[in-house]
Amino acid sequence: MEGIVFFDYDGTLADKDEGIPSPTPATLRALSLLRRRGYLPVLCTGRSYCYLPTGAAQWFDTIITANGACGWRNGRRLWRQTLCVPQLLALQRTLAACGAASFYETDDAGYSADLDDPLLCEVMRAMAFSTERFQPLRPSDVAALPVCKCVAFFSDAKKLDAARAALGGDYELRAGKGGRYADINAKGMNKGVGAARLAALLDVPKEKTYAFGDGENDCELLLAAGAGVAMGRHAQELEKAAVFITGTVAQEGVAQGLTRLGLIPALSDAGKID
């Protein structure tokens with residue numbers, strides 16, 4: 001194996017805000033060329049396994065989900081780190097006190113006592129998640145679930161700030177675009193941890209790893225790689241972690257970045273890879 005290239009999904013391989021709900025043909029061609037050249041493309045996403053985009057298993061045989069908490073290869077789970085019961089109960093109480101709706105994700109489904117919350121419904125519709133992957137949750141049920149990640153929804157920035165302060169650094173909290181929701185993982189769990197764990201399992205040194213991302217939750221991923229690349233539209237935090245900034249999804253930023261890294265041939269004038 002020549003190396004590993006980690007890819008975020010939303011905002012990196014696809015971007016609904018730019019009208020690109022799935023990877024472009026050029027991006028898929030770039031992934032194919034990576035494989036042919038001996039590199040392993042890995043999807044490294046904040047999404048839990050049940051919310052993977054259609055086609056993910058076809059494009060990637062190795063996937064890291066829930067911000068590093070779970071690793072998968074050929075549909076088999078390599079590892080899973082869940083929030084322990086005291087963490088879950090404390091998190092549930094804190095978010096309720098801050099006026100936030102909460103959503104608890106396992107590999108199989110997401111559970112919430114706030115399924116009717118307007119903001120939760122809006123975000124989930126925008127993500128085009130299947131309604132079959134949503135389950136009601138009684139407050140007492142959360143302790144029985146193997147929860148890998150929580151998502152909290154905030155009606156305004158003050159509630160997000162209050163939750164961040166109340167959690168007191170005991171969890172990993174990463175705000176999504178617009179600050180209306182945040183991913184919450186166990187302390188010390190992030191995409192960078194997941195990427196480093198996979199590289200160690202496959203005995204690939206850091207200098208042979210690369211990463212692409214756009215969001216706040218990609219910062220540790222870019223820092224964990226030998227070379228991290230920020231997409232054209234990216235969270236400000238990534239600028240301290242990226243070796244360079246590539247184009248947006250609409251500009252075929254992934255293919256451009258892979259070319260600049262010297263991992264695949266250059267794009268032709270027609271937008272295809274030579």
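Checking residue 57 against (1) aliphatic (A, V, I, L, M); (2) open to solvent by 40 Å² or more (accessible area, probe 1.4 Å); (3) assigned to a strand (DSSP E or B), only one condition comes out false. Which one?
Among (1) aliphatic (A, V, I, L, M); (2) open to solvent by 40 Å² or more (accessible area, probe 1.4 Å); (3) assigned to a strand (DSSP E or B), residue 57 violates only (3).
Considering only residues of the stretch 152-180 that are open to solvent by less than 10 Å² (accessible area, probe 1.4 Å) and part of a strand (DSSP E or B), which is nearest to residue 111 (Cα to Cα)?
This residue is 152.
Given the residues 259, 246, 209, which is the only one that is farther than 20 Å from residue 182 by Cα and surrounded by fewer than 20 Cβ atoms within 10 Å (Cβ to Cβ)?
Answer to the check: 259.
Quick one: is residue 143 more than 15 Å from residue 64 (Cβ to Cβ), crowded, with 22+ Cβ neighbours inside 10 Å and not β-branched (Val, Ile, Thr)?
Judged against the criteria, residue 143 is not a match.
Taking residue 84 and the conditions (1) surrounded by fewer than 17 Cβ atoms within 10 Å (Cβ to Cβ); (2) touching a strand residue (DSSP E or B) at 6+ places or on another chain (Cβ under 6 Å), which numbered condition does it fall short on, given that it satisfies the others?
Of the numbered conditions (1) surrounded by fewer than 17 Cβ atoms within 10 Å (Cβ to Cβ); (2) touching a strand residue (DSSP E or B) at 6+ places or on another chain (Cβ under 6 Å), the odd one out for residue 84 is (2).
Identify all residues within the stretch 222-243 that are touching a Lys or Arg at 6+ places or on another chain (Cβ under 9 Å), crowded, with 24+ Cβ neighbours inside 10 Å, within 17 Å of residue 34 (Cβ to Cβ) and not β-branched (Val, Ile, Thr); write none if there are none.
Hit for the stretch 222-243 is 225, nothing else.
Determine whether the stretch 47-54 contains at least one residue that is out of contact with any Leu (no Cβ under 6 Å at 6 or more places or on another chain), among the basic types (Lys, Arg) and surrounded by fewer than 17 Cβ atoms within 10 Å (Cβ to Cβ).
no
Give the residue, chosen from 108, 15, that is charged (D, E, K, R) and open to solvent by less than 50 Å² (accessible area, probe 1.4 Å).
15
The values are calculated or read from the model by the stated rules, or taken from the named source; none is laboratory data. All values reported here derive from a predicted model rather than from experimental measurement. Cβ sites come from the backbone with ideal geometry, for glycine too, and all protein chains shown count toward neighbours. For the accessible areas, the whole protein counts, side chains as well, though only heavy atoms, and no ligand, DNA or RNA atoms are used. Shrake-Rupley method; radii C 1.70, N 1.55, O 1.52, S 1.80 Å.
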